[in-house]
Amino acid sequence: MVSFIDAHRAAYGVESICAQLPIAPSQYYEHKAREVEPGRLPPRLRRDRALVPEIRRVYEENFRVYGARKVWRQLGREDQVVARCTVERLMRALGLHGVVRGRKCRTTIADDSAARPLDRVNRQFHAHRPNQLWVADFTYVATWAGFVYVAFIVDVFARRIIGWRVARSMHTELVLDALEQALWARSGAKGVVHHSDRGSQLGLNWSSQHCFDVQSVALHSMPRLAYAS
């Protein structure tokens, strides 16, 4: 904003420009005064300006793989006393980040070619009674042994998980077992709307919502029910 004001102040004046921008004239004038007299900078800003080149140097010297923790420790080894949170804040402002080990995990892969049924709940996830609306999701959790995948079904009325399964891989039986548990836990329920998002896992593409009677659902008909991750 300061550079914009500098470019147009001759034509419109500082005060009139500041009236249209989220900046006060006094703030602009203080910024210009600090450019002329760096001694007017607050101690924190002076400290930040001194740390920025040091942080960038450590980051570049270590092949741009160091994160905030390792940069902070390297500065400590060089006898530069600085808080870790300060290093994190400055690296975030500079757009510097370390390399994260491990592979990325995706649980939702959109399939534009798949059929997309209408949204029966119109993105309004509210229920006035139990077994009125179930929502399903699929996620993963990182563990020391690797990723594990979790499929679960929630009753929107009580915000309670009524069916869930955990597995080491994404497969059809994982989501079906979670749905089977929900059907068993809520046997006798009628008129349930089962909502899920749109995606495909390992060639599996069940992206739909259906209204069904729990009593009338047989295990062999489960693949026609809606579940997506």
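Annotation note: of E54, E88, the sole residue that is within 30 Å of V148 (Cβ to Cβ), surrounded by 11 or more Cβ atoms within 10 Å (Cβ to Cβ) and modelled with pLDDT of 95 or more is E88. All conditions in (1) within 30 Å of V100 (Cβ to Cβ); (2) modelled with pLDDT of 85 or more; (3) part of a loop (DSSP other than H, G, I, E, B) hold for A136, with the sole exception of (3).
Taking residues in the range 35-55 that are without any contact (Cβ under 8 Å) to a residue 24 or more places away in the chain and assigned by TED's automatic domain parsing to the domain that holds W72, and partners anywhere that are among the hydrophobic types (A, V, I, L, M, F, W, C) and part of a helix (DSSP H, G or I), the pairs with Cβ atoms closer than 8 Å and at least 6 places apart or on different chains are R40/A33. When R46, R73 are checked against the criterion of being part of a helix (DSSP H, G or I) and at pLDDT 95 or above, R73 stands alone in meeting it.
The values are calculated or read from the model by the stated rules, or taken from the named source; none is laboratory data. Quick caveat, the model's predicted, so the values are computed rather than measured. FYI the Cβ positions are ideal-geometry reconstructions off the backbone, even for glycines, and counts take in every protein chain you see.
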